Structures are given as structure tokens and as C-alpha cells.
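Notes for the one structure printed next.
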Amino acid sequence: MSSPFTWTFYILCILLIRGFLEVLGRNIISHDDCWTATHVTHCVLSFIYLHWMKGSPDGYTQGDYNALTVYEQIDEGVPWTPTKKFLMVMPCVTCLIASVM
């Protein structure tokens, strides 16, 4: 997760969610509320994936990471790495965009 391509892919996924909600929710969600729905969707999905699910999707770890969440496995558990800072900032950025747009 520490490569810049992963960060770019993460941002593109957020924009994809935004576009999906814009197109699909044209009659349900107003244009002003699309970023709010994007923020809520991003927060719920990232909470479930990063902080709720435990274990590793890699079958070759032999159960070494079964007790750790995905967030705890990032950068081998070292706190305050650039990747973890990026993952902490993105919900704040989507919240700011939702409140301004």
C-alpha cells in the first residue's frame, strides 16, 4: 500500500463511488448530497475493511495475521507511516468536500 499508484487507485475508487452515486441516484439523491453520500459510503466501507475484518487474504501466511485487522497489518504495524497518514486524511478530505460542495 505504500506505492503512489495505490494511493492514486484509492482516490480513483472514491471518485468512482461519487460518479456511481451521481448517475444511479439522479432521481433519489440531489446533486448537492452526492458528496455526502460518497463520504458516508467511503467511511462505512473503509471501517468494515480496515478495522473490522481480521486475517489476511493471502493463503500463504499460515495464520500469522489471523488476530490482526487489515489496518494493523499495514507497514508491519509501524505507526505514523505515510500510508497510515494518507488513510487517516482521506475521510477528512471527503468530509470537507461534502461540506463545501
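The values are calculated or read from the model by the stated rules, or taken from the named source; none is laboratory data. In this text, all values refer to a predicted model and were calculated from it rather than measured experimentally. A quick note on method: Cβ atoms are made from the backbone with ideal geometry, for glycine too, and the neighbour counts reach across all protein chains shown. All accessible areas refer to the heavy atoms of the entire protein, side chains included, with ligands and DNA or RNA removed. Shrake-Rupley method; radii C 1.70, N 1.55, O 1.52, S 1.80 Å.
Observations on the model:
- Close pairs from the stretch 23-52: first open to solvent by 40 Å² or more (accessible area, probe 1.4 Å), partner of a type in the set (S, T, N, Q), Cβ under 6 Å, at least 6 apart: His51/Thr69
- Qualifying residue in the stretch 63-82 (condition: in contact with a Leu (Cβ under 8 Å, 6 or more places away or on another chain), touching a residue at least 40 places away in the same chain (Cβ under 8 Å) and not in a loop (DSSP other than H, G, I, E, B)): yes
- Selected residue (criterion: modelled with the highest pLDDT) from residues of the stretch 58-85 that are open to solvent by less than 30 Å² (accessible area, probe 1.4 Å) and of a type outside the set (S, T, N, Q): Lys84
- Some residue of the stretch 4-22 being out of contact with any Lys or Arg (no Cβ under 8 Å at 6 or more places or on another chain) and at pLDDT below 85: yes
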